[in-house]
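What follows draws every value from the coordinates through simple rules; no lab data is involved. Not measured: the values here are computed from a predicted model. Neighbour counts run over all protein chains shown; Cβ positions are idealised from the backbone, glycine included.
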Amino acid sequence: MSILPTPNSRKHNFSAGPGALPFEVLEEIARELPDFRGLGISIMEMSHRSKEFEGVVADTRAALTRLLGLGADYEILLIQGGASQQFAMVPMNLGPGGVYLNTGEWASKAVEEAQRWGETFEAYSGKAETFRDLPSEEQRFDGPVGAKYLHYTSNNTLYGTQFHHLPRTNLPLVCDVSSDFISRPVDMTRFDLVYAGAQKNAGPSGVTIVVAKRDVLRTFKGDSRVPTIFRYQTHAENETMYNTPNCFGIWVVGLMARWVERQGGVAAMEVLGREKADLIYSAIDERPDFYQGHAVKAVRSLMNITFRCATEALDEAFMAEADRRSLISLKGHRKVGGMRASIYNAVPKESVAALADLIRTFGR
Ligand SMILES: Cc1ncc(COP(=O)(O)O)c(C=O)c1O
């Protein structure tokens with residue numbers, strides 16, 4: 001008897017995170033889990049110091065290196081604590097003196113954590129307009145004298161906005177890429193450091209991916225009070241195994257990275273991502289009298305699509321009908337209301353088409 005459901009029994013999952021994983025990857029996990037590579041134990045039961053697990057870490061880092069097109073001057077850490085811990089680690093290691101673009105809830109949290117650690121400059125805030133817009137491509141953010149880095153959030157998961165350009169600055173760029181990691185080609189040479197919780201585009205929760213220039217990671221310039229475990233240098237010098245890592249999670253991030261490679265890499269993900277997003281945005285835009293998108297059109301996200309009906313009662317009815325059709329996790333974040341469809345890499349086009357169909361028929 002198979003321990004797996006059939007692909008047909010799966011729901012159309014629009015969860016904002018942890019998000020959907022490809023069925024193919026779930027099958028690989030189920031097949032390999034009880035007896036990892038014929039070793040007679042699972043990956044969750046072996047020493048993280050074993051040569052087998054070292055191989056898993058090397059494979060995962062190598063797959064991500066290929067996907068991101070990283071040069072030898074970049075390094076990848078696979079640590080814990082989520083993107084939320086990075087909000088603190090960035091200023092502890094690179095700051096104080098960060099310049100921040102406050103484009104949403106998570107960006108606001110990053111600002112707050114940086115402020116705890118010292119002088120922080122909020123160079124932009126979209127709060128007054130409920131974070132529906134982003135800075136334009138023309139705006140520059142060089143920051144005051146002594147500024148150390150520019151931090152921004154490439155995709156604002158709650159509000160459904162996404163940068164489609166790199167902010168102009170003469171400062172080193174640092175970015176929270178949690179919700180659009182490996183979903184499109186990015187010139188990584190422009191960044192000193194990026195970080196992402198894996199649980200949206202790249203695997204299960206519990207693994208935080210930090211990609212940064214080697215010298216940024218390996219040269220600790222912070223305050224002596226910074227605890228050992230919160231120093232990038234600690235994790236870099238210990239080849240990302242200073243303490244017991246999330247062994248299972250790191251393995252699955254590797255499986256997910258190789259799945260993206262099989263789909264054609266990040267360029268193919270972007271093409272597919274645009275096709276998927278267009279299906280939903282065009283269905284919403286056909287009925288401006290019935291549906292309103294939250295984000296300004298020019299900064300609409302390809303990952304999280306936020307929209308609402310004219311009344312909360314209609315939103316509720318929409319979600320009830322969605323549920324009846326096995327379309328789940330469409331409720332918008334409480335700060336935004338309405339609906340949110342998260343259509344990360346692994347959400348199949350068929351699921352997105354099913355949602356576009358619901359948007360059209362419900363509107364009628
Ligand atoms: C853009 C962004 N940053 C940070 C976070 C927080 O991530 P974590 O739960 O991994 O700390 C999230 C989670 O949804 C997010 O979407």
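Across the options Pro18, Ser326, Val252, the greatest Cα extent toward the positive end of the charge dipole of the chain (unit charges at beta carbon of Lys, Arg, Asp, Glu) belongs to Ser326. Given axes a ≥ b ≥ c from the Cα gyration tensor, I'd like to know whether the range 8-155 is rounded (a/c under 1.5), prolate (a/b larger than b/c) or oblate. Prolate.
Label sites at Leu39 and Ala298, each approximated as a point 7 angstrom past Cα along Cα to Cβ, lie 5.2 nm apart. A simple spin-label model places pseudo-atoms 7 Å from Cα toward Cβ; at Ala62 and Glu119 they are separated by 4.7 nm.
Around the amide H of Tyr74, modelled in the peptide plane, lie the amide H atoms of Arg214, all under 5 Å away and 5 or more residues distant in sequence or on another chain.
Nearest 20 debye, what's the magnitude of the dipole of the range 93-158 about its Cα centre given +1 on Lys and Arg Cβ and -1 on Asp and Glu Cβ? Mind showing how you got there, number by number?
Working: 6 positive and 10 negative charges, 33 e Å.
Using Cβ point charges on Lys, Arg, Asp and Glu, the range 93-158 gives about 160 debye.
Is the shape of the range 230-330 rounded, prolate or oblate, going by the alpha carbon gyration tensor and its root eigenvalues a ≥ b ≥ c, with a/c under 1.5 for rounded and a/b larger than b/c for prolate? It is prolate, given that a/c is not under 1.5 and a/b is the larger ratio.
Summarising the strand pairing of the chain, around 55 percent of its internal DSSP beta bridges are antiparallel.
Remark: the chain carries a charge dipole of roughly 160 debye about the Cα centre, counting +1 on each Lys and Arg Cβ and -1 on each Asp and Glu Cβ. For the pair the range 115-185 / the range 5-51, the C-alpha centres are spaced 34 Å from each other.
Take the cross-link list Lys127/Lys331; Lys276/Lys297; Lys127/Lys335; Lys276/Lys335 and give me the ones stretching past 19 Å between alpha-carbons.
Working: Lys127/Lys331 22 Å; Lys276/Lys297 16 Å; Lys127/Lys335 12 Å; Lys276/Lys335 25 Å.
Distance filter (> 19 Å) returns Lys127/Lys331; Lys276/Lys335.
Qualifying trypsin sites (Lys or Arg not before Pro) in the range 243-340, where qualification requires a DSSP coil assignment and no more than 16 other C-beta atoms within 10 Å, comprise Arg325, Arg334, Lys335.
Which percentage, to the nearest 5, of the DSSP beta bridges contained in the range 153-281 is antiparallel?
On the way: 7 of 12 bridges.
Just about 60 percent of them are antiparallel.
Each Lys and Arg Cβ is given +1 and each Asp and Glu Cβ -1; about its Cα centre, the range 206-262 then shows a dipole of about 120 debye.
Per the helix-only calculation at 222 nm, which mean residue ellipticity applies to the chain, given -39500 (n - 2.57) for every DSSP H run of n ≥ 4 and division by its residues, nearest 500 deg cm²/dmol? Present the calculation step by step, with values, prior to reporting the outcome.
Working: 10 runs with 130 residues, N = 364.
Estimated from H runs of four or more residues: -11500 deg cm²/dmol.
Using θ = phi - 60° in the Karplus curve 6.51 cos²θ - 1.76 cosθ + 1.60, the 3J(HN,Hα) couplings for the range 268-284 round to 5, 4, 5, 4, 5, x, 5, 4, 5, 4, 4, 4, 7, 4, 5, 5, 5 Hz; x is entered for Gly and Pro. Working from label points 7 Å from Cα in the Cα-to-Cβ sense, the Met188 to Thr228 distance is 2.9 nm.
Comparing Val145, Val252, Val177 in a Gaussian network model of the chain, where Cα atoms under 10 Å apart are tied by springs, the biggest mean-square fluctuation is seen for Val145.
Loop-located trypsin sites (Lys or Arg not before Pro) across the range 1-85 with a Cβ neighbour count of 15 or fewer within 10 Å are Arg10, Lys11, Arg49, with loop assigned by DSSP. Straight Cα distances below 29 angstrom link Lys213 to the lysines Lys51, Lys109, Lys148, Lys200, Lys221, with same-chain residues fewer than 8 positions distant left out. Considering only Arg218, Arg184, Arg287, the mean-square fluctuation computed in a Gaussian network model of the chain, springs between alpha carbons under 10 angstrom, is largest for Arg287.
Would you work out if the chain is rounded, prolate or oblate? Take a ≥ b ≥ c from the square roots of the eigenvalues of the alpha-carbon gyration tensor; rounded if a/c is under 1.5, else prolate when a/b is larger than b/c, oblate otherwise.
Values: a/c = 2.06, a/b = 1.13, b/c = 1.83.
Cα axes put the chain in the oblate bin.
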